[in-house]
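Report on the following structure.
Read-outs: derived from the displayed coordinates by stated rules, not from any lab. Given the structure is predicted, the values throughout are model-derived calculations rather than measurements. Note that we place each Cβ from the backbone using ideal geometry, even for glycine, and neighbour counts take in every protein chain shown.
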Amino acid sequence: MSYDSERDLVIAAKVNPEAFGELYEKYVARIYNYHYRHTSSRTEAEDLTSRTFYRALRSLQSYRETGAPFQAWLFRIAHNLVVNWYRDRQNRPTVSIDVEDAPLLISSIVSPEAWVSTAETQQKLLDVVESLPEDRKTLIVLKFVDHMSNAEIAEVLGRTEGAIKALYHRTLVSLKRAMSEGADDVQ
């Protein structure tokens, strides 16, 4: 969808909430994946996704075009909900009842030894990423999962593009050091 046609769709959705359905269809999977990456829970991700689109629809009249795509505004709402979710989770620890395992990112397995080695490396990387501060974890998800540009990430996180570039560089250096040293705590 081009930026102009998306803008037209947003304008139409302001007048006719049923037009919002097309925006929902375009972004629901990406928003769900964003929430799932942060919560590791289908139930929580579904709830947060639902709340993201409810807030977007409720606030659509106040949406102002800033030159960034509509998805940046939508991800900003999602980001704020995730921040609140983390805050609530710290105050009230919970136990997940989801039984599904996170999918392994293995594209081809040659031998059991290679599978174990790859699985261990991936688990280590997931553990290191999980230990990142909230803003860095969000940066990684938006950059590598949602394939957002630095400008779009800056819009979502409420920072300048230069600040995102610096944070991205520091995060990658920290991840590389943690993976080579075997550390699980990255700052």
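Worth a mention:
- Model label sites at residue 127 and residue 6, defined 7 Å from Cα along the beta-carbon direction, differ in position by 3.8 nm.
- A cut-off under 13 angstrom between Cβ atoms defines the neighbours of residue 52, and their net charge, with Lys, Arg +1 and Asp, Glu -1, is +2.
- Gain on full stretching of the segment that runs from residue 149 to residue 22 - 0.36 nm per residue minus C-alpha separation: 43.4 nm
- Residue 55/residue 179 FRET efficiency (R0 30 Å; Cβ-Cβ; nearest 0.05): 0.25
- For residue 24, net neighbour charge (Lys/Arg +1, Asp/Glu -1) across residues whose Cβ lies under 12 Å away: -1
- For region 1-81, applying the loop criterion from DSSP together with a ceiling of 15 other beta carbons within 10 Å to the GluC sites (Glu not before Pro) yields 65.
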